[in-house]
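One structure below.
The values are calculated or read from the model by the stated rules, or taken from the named source; none is laboratory data. Since the structure is predicted, the reported quantities are computational estimates derived from the model, not experimental observations. Because the Cβ atoms are built from the backbone with ideal geometry, glycine has one as well, and the counts that use them run over all protein chains shown. These accessible areas exclude ligands, DNA and RNA; they are computed on the full protein's heavy atoms, side chains included. Shrake-Rupley method; radii C 1.70, N 1.55, O 1.52, S 1.80 Å.
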Amino acid sequence: DETELDSGSTSESRSDCDRADHLDPLRGEDLVNLWAPTLKISPHLPIVPPLILLADDNFENAQTIARYLTNRGYRFLRAGNGREAVEMAIDYQPDLILMDIQMPEMNGLEAMELIRENPQTAHIPMIALTAFAMAGDRARCLAAGANEYLSKPVELAHLNKVIRGFFE
């Protein structure tokens, strides 16, 4: 059931995953290493689990999304701002990008525009996520290069359904 977490799939006793102060400085590849042991392959996904770049400066939000979707068979990288997201998109060539809009250094709109302008990354599907669902936000996100737009707080089961649509 997409609305429930897989029982026992994340170890709440792992103190490393529960201490935000320990994990906050980690970059995306470290998230993959920490959460890889909980990976469960879904029959709807290819044999090599899709790699998702999650760009969000709010560590708790990123951790919640990554834990939920990792338990559904995805691998993750995390960028803490738009500048890192652009660099990581080029370096790692993820299968999909989840892009928060309000971030420091470079916002998600600017990052999506740069990702779309680069021939190495222009093909990567992007889902814009924003807590500020105001009139015109959807149009601005789509104009910047997003394939889809979801407002926060995002229902995780719905996010999973939207992501799966890009891989089916």
Residue that is most open to solvent (accessible area, probe 1.4 Å), among those in the range 117-139 that are out of contact with any Ser or Thr (no Cβ under 7 Å at 6 or more places or on another chain), farther than 20 Å from residue 91 by Cβ and without any contact (Cβ under 8 Å) to a residue 24 or more places away in the chain: 134
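Can you tell which of 142, 114, 159 is open to solvent by less than 40 Å² (accessible area, probe 1.4 Å) and either touching a Phe, Trp or Tyr at 6+ places or on another chain (Cβ under 9 Å) or modelled with pLDDT of 95 or more (or both)?
On the way: 142 fails: open to solvent by less than 40 Å² (accessible area, probe 1.4 Å); 114 fails: open to solvent by less than 40 Å² (accessible area, probe 1.4 Å).
Exactly one residue qualifies, and that residue is 159.
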Residue that is farthest from residue 125 (Cα to Cα), among those in the range 81-102 that are surrounded by 23 or more Cβ atoms within 10 Å (Cβ to Cβ) and not hydrophobic (A, V, I, L, M, F, W, C): 82
